[in-house]
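Report on the following structure.
Nothing in this text is a laboratory measurement; each read-out follows from the coordinates by a stated rule. The shown structure was predicted, so the numbers you read here are calculated from the model rather than taken from an experiment. Please note: Cβ atoms are built from the backbone with ideal geometry, for glycine as well, and neighbour counts cover all protein chains shown.
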Amino acid sequence: MADRTAKEIEVGFIVDKPGGAKGYRTGDWRSMKPSYDKERCIKCGVCYMFCPDAAIGFDSEGFIQIDEFYCKGCGICSKECVTGAFKMVPLGSEDKAKKK
Ligand code: SF4
Ligand code: SF4
């Protein structure tokens, strides 16, 4: 198929299988991940509201749980967290990076 410029591509598209994005493992292509410090978390839920991949949930005590399958390491949770409970770290590094 010949390359087309942005102006030549039709506007809009059809999603023929609603919910199909559930199968995309966006966590596979990240290079950073949020490290969570439970001791700083006040359970406000701000990170939950801002996460674009719905990768943030809560455990039975209201603390944060991150779904590694979907977390793409964008860092929005870290930017929006009001207490600094999240710190972005390179993938594979220490999971809990406490701040001084
Ligand atoms: S890094 Fe991005 S995708 Fe991952 S939990 Fe934070 S806001 Fe969600
Ligand atoms: S934004 Fe920060 S303090 Fe609020 S629930 Fe998320 S991690 Fe906890």
Check Val89: other-chain or 5+ apart residues with amide H under 5 Å from its amide H, H built from backbone geometry? Lys33, Ser35
Once every DSSP H run of n ≥ 4 in the chain is given -39500 (n - 2.57) and the sum is divided by its residues, what mean residue ellipticity at 222 nm do you get, rounded to the nearest 500 deg cm²/dmol? -2000 deg cm²/dmol
Roughly how many debye, to the nearest 20, is the charge dipole of the chain about its Cα centre, given +1 on each Lys and Arg Cβ, -1 on each Asp and Glu Cβ, and no other charges? 420 debye
Computed over the Cα atoms, what is the radius of gyration of the chain divided by 2.2 N^0.38 Å, N being its residue count? 1.36
Net charge of Cβ neighbours under 15 Å - reference Phe69; Lys, Arg +1; Asp, Glu -1: +1
Skipping prolines and chain starts, which residues have an amide H placed within reach, meaning under 5 Å, of the one on Tyr70, given they are 5 or more residues away or on another chain? Gly27
Taking θ = phi - 60°, what integer Hz values does the Karplus form 6.51 cos²θ - 1.76 cosθ + 1.60 yield along the range 21-26, in sequence order, with x for Gly and Pro? 5, 4, x, 8, 7, 5
Cα-projected label distance for Lys22 with Phe58, points at 7 Å along beta-carbon direction, nm: 2.3 nm
What Cys residues in the chain have no fellow cysteine's beta-carbon under 4.7 angstrom? Cys41, Cys44, Cys51, Cys71, Cys74, Cys81
